[in-house]
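First the structure, in the form of structure tokens, and then the observations on it.
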Amino acid sequence: MKVYSIHKLNKSCNGRSILDIDHLELEAGRIYGLLGPNGAGKTTLLNILGFLDQPTSGRLEFLGKAVRFQEKELLPLRKEIVVLDQYPVLFTTSVYKNLEFGLKLRKVAKAERERLIDEVLDLVDMASFKHAPAYNLSGGETQRIALARALALSPKVFLCDEPTASVDVENQAVIVALLKQINENKNITIVFTTHDRLLAAGLAHHTLVLNEGRFVSTSYENTFSCRIEPKEDKQIWCRISEDRGIFLSSPKVESPALKSRLFIDSQKIDLHTGQTMPGVTNCLPGKVVQLMEESGRIRVVVMVGFLLTVILTREKYDSLRPAIGDTVVVSIPQDAVTLSN
């Protein structure tokens with residue numbers, strides 16, 4: 001069953017397109033990781049899926065029915081969705097009263113409220129905090145109570161904005177395990193945003209990548225079509241764009257075709273913040289256009305005439321501190337390149 005279907009959806013603001021999604025379908029009972037750099041449109045999409053914002057144009061269906069973005073029709077739909085913020089806000093009362101609030105608004109009987117609260121607190125391993133003041137909770141405990149508060153409302157969908165970003169490593173593992181358990185035991189569809197590609201790979205059944213408001217494929221990252229041109233000294237020139245490419249020793253490929261495909265290992269590329277280094281082969285100047293963290297490593301996308309992804313260790317990143325818009329230089333060693341016909 002499709003929980004969401006999107007057709008030709010666009011969201012614009014001040015004449016600028018923030019989202020431009022041709023088609024998307026999300027199956028009920030699955031976990032979806034939504035990746036992308038800052039400004040890619042992840043939170044905007046989450047707000048539209050949560051019926052907190054409306055598209056400029058296009059069609060959104062929820063559980064097989066078209067969504068009409070009129071307040072009286074959105075109210076019952078919002079009861080099926082819970083949006084979990086990166087920094088959840090709790091009332092300065094007890095944990096119990098925080099969980100009870102939404103249930104009272106929905107006119108759930110007192111005995112049933114008590115049962116539900118006990119059940120969800122037990123599920124997130126926070127039963128002993130039932131009557132504790134919420135303002136004394138740590139970041140990880142607050143996230144778990146926010147999950148319990150959402151669970152108590154029995155939603156069909158969880159929309160989570162960076163669910164592990166504000167907690168320590170130990171609690172990150174707890175939150176991930178809880179989301180998996182909630183999905184498996186309650187069959188709740190989960191859509192979460194993250195900058196962490198490894199987290200998405202470990203938690204999500206499906207990973208979606210947004211860039212500049214559009215879904216993109218990362219299956220062929222750093223894979224390019226190129227034109228092979230023989231050069232002197234047993235080298236070949238692999239032309240990737242009109243005036244950019246890399247040199248390779250001809251033994252790297254036997255009898256190269258006129259056209260070929262080239263893969264560059266993102267972890268073997270070196271990045272410098274100085275000028276182009278004379279005499280260094282395959283040294284390309286460019287500009288940083290994206291930065292994304294990947295569990296202790298930094299993914300840097302550089303425009304060098306074509307988009308090239310570089311993976312840096314945290315130590316290397318801290319020593320260079322490249323920022324979006326900075327001019328940098330990448331050098332590509334021979335062993336980073338694979339060429340195939």
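The values are calculated or read from the model by the stated rules, or taken from the named source; none is laboratory data. Keep in mind that this is a model prediction, so the values were computed, not measured. As a convention, Cβ positions derive from the backbone with ideal geometry for all residues, glycine included, and neighbour counts pool all protein chains shown. To get the accessible areas, we keep the full protein, side chains included, count just its heavy atoms, and leave off ligands, DNA and RNA. Shrake-Rupley method; radii C 1.70, N 1.55, O 1.52, S 1.80 Å.
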**OP:** Report the normalised scattering of segment 16-98 as log10 I(q)/I(0) at q = 0.12, 0.20 Å⁻¹, calculated by the Debye formula with identical scatterers on the alpha carbons.
**Re:** -0.46, -1.12
Original post:
Residue by residue, what Karplus-based ³J(HN,Hα) values in Hz, rounded to whole numbers, does segment 153-165 have, using 6.51, -1.76 and 1.60 with θ = phi - 60° and x for Gly and Pro?
Top reply: 8, 6, x, 8, 9, 9, 10, 10, 8, 6, x, 10, 5
**OP:** Please determine, in degrees from 0 to 90 and to the nearest 10, the orientation of helix 95-105 with respect to the longest principal axis defined by the Cα atoms of the chain, where the helix direction is its Cα long axis.
**Re:** 80 degrees
**OP:** Alpha carbons only, please: Rg and Dmax for segment 34-74, in angstrom.
**Re:** 11.4, 34
Original post:
Taking R0 as 51 Å, what's the FRET efficiency between Glu61 and Leu258 from their Cβ-Cβ distance, rounded to 0.05?
Top reply: 0.60
Original post:
When Lys and Arg each count +1 and Asp and Glu each count -1, what net charge do the other residues less than 15 Å away from Phe129, Cβ to Cβ, add up to?
Top reply: -2
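Can you pull out the trypsin sites (Lys or Arg not before Pro) in segment 1-98 that DSSP calls coil and that have at most 12 other Cβ atoms within 10 Å? Before the final figure, lay out each step's value.
Working: sites: Lys2, Lys8, Lys11, Arg16, Arg30, Lys42, Arg59, Lys65, Arg68, Lys72, Arg78, Lys79, Lys97; in loops: Arg30, Arg68, Lys79.
Those satisfying the criteria are Arg68.
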Original post:
Tally Lys/Arg at +1 and Asp/Glu at -1 over every other residue whose Cβ is under 12 Å from the Cβ of Pro88; what's the total?
Top reply: -2
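State the extension gain, in nm to one decimal, for the chain segment bounded by Asp122 and Asp22, taking 0.36 nm per residue of separation less the distance between their alpha-carbons.
Details: separation 100, 0.36 × 100 = 36.00 nm, distance 4.18 nm.
Value of the extension gain: 31.8 nm.
As a check on your grasp of the helix formula, calculate [θ] at 222 nm for the chain: sum -39500 (n - 2.57) over DSSP H runs of n ≥ 4, divide by the residue count, round to the nearest 500. Intermediate values should be presented prior to the final figure.
Details: 8 runs with 87 residues, N = 341.
Theoretical 222 nm ellipticity from helices: -7500 deg cm²/dmol.
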**OP:** Can you send over the solvent-accessible area of Asp318, 1.4 Å probe, protein chains only, in Å² to the nearest 10?
**Re:** 70 Å²
Original post:
Share of antiparallel DSSP beta bridges in the chain, in percent to the nearest 5?
Top reply: 75 percent
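Taking only Cα atoms of the chain, what ratio of Rg to Rh do you get with Rh as the Kirkwood inverse-distance radius? It would help to have the intermediate numbers written out before the result.
Values: Rg = 24.5 Å, Rh = 22.8 Å.
Radius of gyration relative to Kirkwood radius: 1.07.
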**OP:** Would you mind counting up the charge near Arg113? Only other residues with Cβ under 14 Å from its Cβ, with Lys and Arg at +1 and Asp and Glu at -1.
**Re:** +3
**OP:** Work out how far the C-alpha atoms of segment 27-166 reach from end to end along every principal axis, then list the three figures in whole Å, largest first.
**Re:** 47, 36, 26
Subject >> Label point distance in nm, Arg244-Lys107, each placed 7 Å from Cα along Cα→Cβ >> reply: 6.2 nm
**OP:** Please work out the FRET efficiency for the pair Asp335 and Arg78, using the Cβ-Cβ distance as r and a Förster radius of 51 Å; give the result to the nearest 0.05.
**Re:** 0.40
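Multiply the residue separation of Val176 and Asp326 by 0.36 nm, subtract the distance between their alpha-carbon atoms, and state the gained length in nm to one decimal. Numbers along the way, then the final one.
Numbers: separation 150, 0.36 × 150 = 54.00 nm, distance 3.46 nm.
Here the answer is 50.5 nm.
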Original post:
Using θ = phi - 60° and the Karplus form 6.51 cos²θ - 1.76 cosθ + 1.60, what ³J(HN,Hα) does each residue of segment 44-51 get, whole Hz, x for Gly and Pro?
Top reply: 4, 5, 4, 5, 5, 5, x, 6
Original post:
Ordered by residue, what ³J(HN,Hα) values in Hz, to whole numbers, does segment 317-324 give under the Karplus form 6.51 cos²θ - 1.76 cosθ + 1.60, where θ = phi - 60° and Gly and Pro are x?
Top reply: 4, 5, 6, 9, 6, x, 10, 4
Original post:
Counting every Cα pair in segment 98-175, what percent are over 18 Å apart?
Top reply: 41 percent
Subject >> Residue-normalised accessible area of the chain, expressed per residue, 1.4 Å probe, Å² >> reply: 51 Å²
Subject >> Debye log10 I(q)/I(0) for segment 135-196, one point scatterer per Cα, at q = 0.20, 0.28 Å⁻¹ >> reply: -0.76, -1.37
Original post:
Taking the Cα centre of the chain as the origin and placing charges on Cβ (Lys, Arg +1; Asp, Glu -1), which of Leu203, Leu116, Tyr135 is farthest toward the positive end of the dipole?
Top reply: Leu116
**OP:** Could you check the simple spin-label distance between Arg314 and Leu198, using points 7 Å along Cα→Cβ, in nm with one decimal?
**Re:** 1.0 nm
**OP:** Starting from the amide H of Cys160, placed 1.01 Å from N in the peptide plane, find each other amide H under 5 Å away whose residue is 5 or more places distant or on another chain.
**Re:** Leu84, Val191, Phe192, Thr193
